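Chemist: I have a structure I would like to understand better, so I am pasting it below and will then ask my questions one at a time.
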Amino acid sequence: MHPKIIEMETKQFKAALFDLDGVVFDTEPQYTKFWGAQCREFRPDYPGLEHAIKGQTLCEILENYFGGELASKQSLIIERLNAFEKTMDFIYVKDFERFVKELRSNGIKTAVVTSSNLDKMNSVFQKCEGFRGLFDAILTSEDFERSKPDPDCYIKAAQRFDVQKEECIVFEDSFNGLKSGKAAEMKVVGLSTTNSKEAIAKYSDIVISDYTAFGFNDCKTLISKL
């Protein structure tokens with residue numbers, strides 16, 4: 001009697017889930033400059049706060065760091081942020097468009113999963129013709145209850161596509177975002193656009209500086225790794 005051969009099920013790559021700033025667009029230096037100015041003005045007691053808030057929603061930032069005696073300043077900060085975002089440059093991270101089109105041509109679902117709100121996305125839509133056509137879904141802060149580093153946003157993105165966590169790859173740059181992807185038990189590609197490769201390595205399965213030397217086959221290989 002021949003021994004029964006058990007075939008191991010191969011995990012498939014089905015969905016790519018992208019944070020927005022620092023992952024799709026190289027905008028983090030602009031935001032760091034904006035929030036750095038607000039933090040120096042209103043929170044000089046917390047040096048480096050502009051780096052600690054990355055990955056949090058605007059509501060969380062205001063509630064956690066600009067509440068109490070500073071609550072009266074929140075409307076001013078929001079007004080400044082809205083004006084700032086209307087003047088921002090939305091430049092794609094190098095080779096992103098090529099990469100995401102390659103994924104879609106291979107049947108991979110793509111989504112933006114961002115802590116930004118709809119007002120911010122409307123600015124993106126107005127300035128970046130063809131942006132929406134790169135993605136099958138766009139999830140903003142209005143679509144989930146808990147922000148990064150909680151995994152809620154990425155779990156909901158997988159549910160939107162009816163795929164399993166093992167079939168998804170998260171692309172992130174901030175510590176909160178990377179931790180969110182890991183907490184969702186998905187493979188995580190770290191972008192060293194905001195923090196150094198060394199700093200984000202322990203939160204990532206692989207680190208890339210941009211998408212120049214990264215493609216669909218690399219994603220398939222990553223998914224197949226234990």
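The values are calculated or read from the model by the stated rules, or taken from the named source; none is laboratory data. Bear in mind that the values here come from a model prediction, so they are computed numbers and not experimental data. Cβ atoms come from the backbone with ideal geometry, glycine included; neighbour counts cover every protein chain shown. Accessible surface is based on the protein model in full, side chains and every heavy atom, while ligands, DNA and RNA are left aside. Shrake-Rupley method; radii C 1.70, N 1.55, O 1.52, S 1.80 Å.
Chemist: Which members of the range 201-226 meet the condition of being open to solvent by less than 40 Å² (accessible area, probe 1.4 Å) and either farther than 12 Å from residue 186 by Cα or in a helix (DSSP H, G or I) (or both)?
Modeler: 207, 208, 210, 211, 214, 215, 216, 219, 222, 223
Chemist: Against the definition (acidic (Asp, Glu) and crowded, with 16+ Cβ neighbours inside 10 Å), how does residue 198 come out, yes or no?
Modeler: no
Chemist: Show the residue pairs that are 6+ apart or on different chains and have beta-carbon atoms under 8 Å apart, the first residue being within the range 27-46 and surrounded by fewer than 15 Cβ atoms within 10 Å (Cβ to Cβ), the second being assigned to a helix (DSSP H, G or I) and hydroxyl-bearing (Ser, Thr, Tyr).
Modeler: Between residues of the range 27-46 that are surrounded by fewer than 15 Cβ atoms within 10 Å (Cβ to Cβ) and residues that are assigned to a helix (DSSP H, G or I) and hydroxyl-bearing (Ser, Thr, Tyr), the close pairs are 46/65.
Chemist: So which of 85, 69, 79, 129 is in contact with an Asp or Glu (Cβ under 8 Å, 6 or more places away or on another chain) and free of Cβ contacts under 8 Å to residues at least 60 places away in the same chain?
Modeler: Criteria check complete, one pass: 85.
Chemist: Filtering the range 95-124 down to residues that are within 16 Å of the chain's Cα centre (by Cα) and part of a loop (DSSP other than H, G, I, E, B), which residue is surrounded by the fewest Cβ atoms within 10 Å (Cβ to Cβ)?
Modeler: Among them, the one singled out is 117.
Chemist: Name, by its number, the condition in (1) open to solvent by 60 Å² or more (accessible area, probe 1.4 Å); (2) in contact (Cβ under 8 Å) with a residue 12 or more places away in the chain that does not hold for residue 159.
Modeler: Among (1) open to solvent by 60 Å² or more (accessible area, probe 1.4 Å); (2) in contact (Cβ under 8 Å) with a residue 12 or more places away in the chain, the lone unmet condition for residue 159 is (2).
Condition check ((1) over 22 Å from residue 57 (Cβ atoms); (2) without any contact (Cβ under 8 Å) to a residue 60 or more places away in the chain) across all residues:
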position: 166; (1), (2): yes, no
position: 172; (1), (2): no, no
position: 197; (1), (2): yes, yes
position: 202; (1), (2): yes, yes
position: 205; (1), (2): yes, yes
